[in-house]
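This report concerns only the one structure given below.
The values are calculated or read from the model by the stated rules, or taken from the named source; none is laboratory data. Everything numeric in this text was worked out from a predicted model, so none of it was measured. Every residue, glycine among them, receives a Cβ derived from its backbone with ideal geometry; neighbour counts consider all protein chains shown. For accessibility, only protein heavy atoms count, side chains too; no ligands or nucleic acids. Shrake-Rupley method; radii C 1.70, N 1.55, O 1.52, S 1.80 Å.
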Amino acid sequence: MITSTAPGAGVLGAPAPVLSFSPVVLPVPGRPVDLQVRVSAPATGTGLPVVLLSHGHGPSNNLSSLNGYAPLVDHWAAHGFVVVQPTHLTSRTLSHLVADAPGAPDFWRSRAEDMSHILDRLDTIERTVPQLAGRIDRTRVGLAGHSLGGFTAALLLGAGLDDPETGRTVHLADPRITAGVLLAAPGSGGDAFNGPMAAQWPIIGAVDFSTMTTPALVVVGDKDDPRHFTDRGPDWHADPYTLAPAPKTLLTLYGAEHGLGGIAGYDAAETTDEDPGRVAALALLTAAWLRTRLHPGASAWEDALEALTTGPDAVGRVAST
């Protein structure tokens, strides 16, 4: 797991050993393959909040699955969260099995439904994962998603979507989720949705953030240029903050590109901006925000901001609505 002596390392207290169990197999009627998830949790503690993590769609075979995002997952679990990671149908690990399945290739509806299925089956997860029974507080549920996972998270937090096939607006919000973290998520459509990949992924530009009412932390990199989708530059990724109703918080990381320093995996060669210090800071900041949102009255977020976003060594800047 991430251990750090960087400023702010003590904000969340000492990390606990982490237990990680996979796969937990959840049969879902109508899904072309069973839903498989990884569950990571601290070895001790009760009343643990749940954080669902939606993976992106990067070039690796396994990082976009239940096997990815260890730099975040390990840190979150070590500081008191039960992290549940599904393998969505978009994962390259499943491409040979689901290429012709309904919803391919973007599986936008299935990705969101995966998260609701997980919440429906928390009893099964508790029974299956050793030493987890009776330790989950299912009234405290957060959500995070990176890149395409941020798109999925936006839907679950209340954003609408104009279905390109039917023309109807679809809402897939899950009210059990009370806080979300969008990491380098896609922005809006419209005339500026004009990059070479826009025609291949029209669903990305079909989101309406005006109904995304659940509190969210939107994380962007100031060097994350999405020219394959738009010519608007890095500000496009801030649309879930600027176009959604309050309360929202925007964290802009200095020097970060789409991988935000390498959150998809330890030492991942595909990361264009590898920076372990940035990843450690982001892991701490996101954990602190989730703790404060899921445990009202906690000061972790304010303490983390003071340590990491002020002074000459600040990793980024923050704005709020």
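Residue pairs whose Cβ atoms lie under 9 Å apart, sitting 6 or more positions apart in sequence or on different chains, and linking a residue in the stretch 168-182 that is in a loop (DSSP other than H, G, I, E, B) to a partner that is buried (at least 17 other Cβ atoms within 10 Å of the Cβ) and acidic (Asp, Glu), are 172/113. Of the residues making up the stretch 129-152, those that are open to solvent by less than 60 Å² (accessible area, probe 1.4 Å), over 28 Å from residue 224 (Cβ atoms) and not in a strand (DSSP E or B) are 129, 132, 135. When every residue of the stretch 69-87 is checked against the conditions, at least one turns out to be among the small types (Gly, Ala, Ser) and crowded, with 24+ Cβ neighbours inside 10 Å. Taking every residue in the stretch 123-151 that is on the phi > 0 side of the Ramachandran plot and pairing it with any residue that is open to solvent by less than 10 Å² (accessible area, probe 1.4 Å) and part of a loop (DSSP other than H, G, I, E, B), at least 6 positions away or on another chain, the pairs with Cβ-Cβ distances below 8 Å are 147/56; 147/184; 147/185.
Residue 272 fulfils the conditions (1) assigned to a loop (DSSP other than H, G, I, E, B); (2) among the β-branched types (Val, Ile, Thr); (3) farther than 30 Å from residue 190 by Cα except for a single criterion, (3). Conditions: (1) over 17 Å from residue 148 (Cα atoms); (2) in contact with a His (Cβ under 9 Å, 6 or more places away or on another chain); (3) at pLDDT below 95. Residue 57 meets all but one. Number of the miss? Only one criterion in (1) over 17 Å from residue 148 (Cα atoms); (2) in contact with a His (Cβ under 9 Å, 6 or more places away or on another chain); (3) at pLDDT below 95 is unmet by residue 57, namely (1). Flag not set for residue 255, criterion: modelled with pLDDT of 95 or more, over 18 Å from residue 193 (Cα atoms) and touching a Pro at 6+ places or on another chain (Cβ under 8 Å). How about the stretch 276-296: which of its residues are assigned to a loop (DSSP other than H, G, I, E, B) and modelled with pLDDT under 95? Across the stretch 276-296, the qualifying residue is only 296. Every listed requirement among (1) within 20 Å of residue 69 (Cβ to Cβ); (2) open to solvent by 30 Å² or more (accessible area, probe 1.4 Å) is met by residue 268 save one, (2).
Considering the conditions (1) under 30 Å from residue 11 (Cβ atoms); (2) in contact with a Pro (Cβ under 6 Å, 6 or more places away or on another chain), residue 164 is excluded by exactly one of them, (1). For the stretch 214-232, filtering for residues that are surrounded by fewer than 20 Cβ atoms within 10 Å (Cβ to Cβ), over 24 Å from residue 283 (Cα atoms) and touching a Pro at 6+ places or on another chain (Cβ under 8 Å) leaves 1. Select from the stretch 297-321 the residues that are in a loop (DSSP other than H, G, I, E, B), open to solvent by 60 Å² or more (accessible area, probe 1.4 Å), over 18 Å from residue 246 (Cβ atoms) and of a type outside the set (Gly, Ala, Ser) and list them in ascending order. Once the filter is applied, which keeps residues that are in a loop (DSSP other than H, G, I, E, B), open to solvent by 60 Å² or more (accessible area, probe 1.4 Å), over 18 Å from residue 246 (Cβ atoms) and of a type outside the set (Gly, Ala, Ser), the stretch 297-321 yields 310, 312, 313. Taking the numbered list (1) open to solvent by less than 10 Å² (accessible area, probe 1.4 Å); (2) outside any strand (DSSP E or B); (3) touching a residue at least 60 places away in the same chain (Cβ under 8 Å) in turn, residue 251 passes all entries but (2). In the stretch 276-286, of all residues being out of contact with any strand residue (DSSP E or B) (no Cβ under 9 Å at 6 or more places or on another chain) and of a type in the set (Gly, Ala, Ser), the one that is surrounded by the most Cβ atoms within 10 Å (Cβ to Cβ) corresponds to 283.
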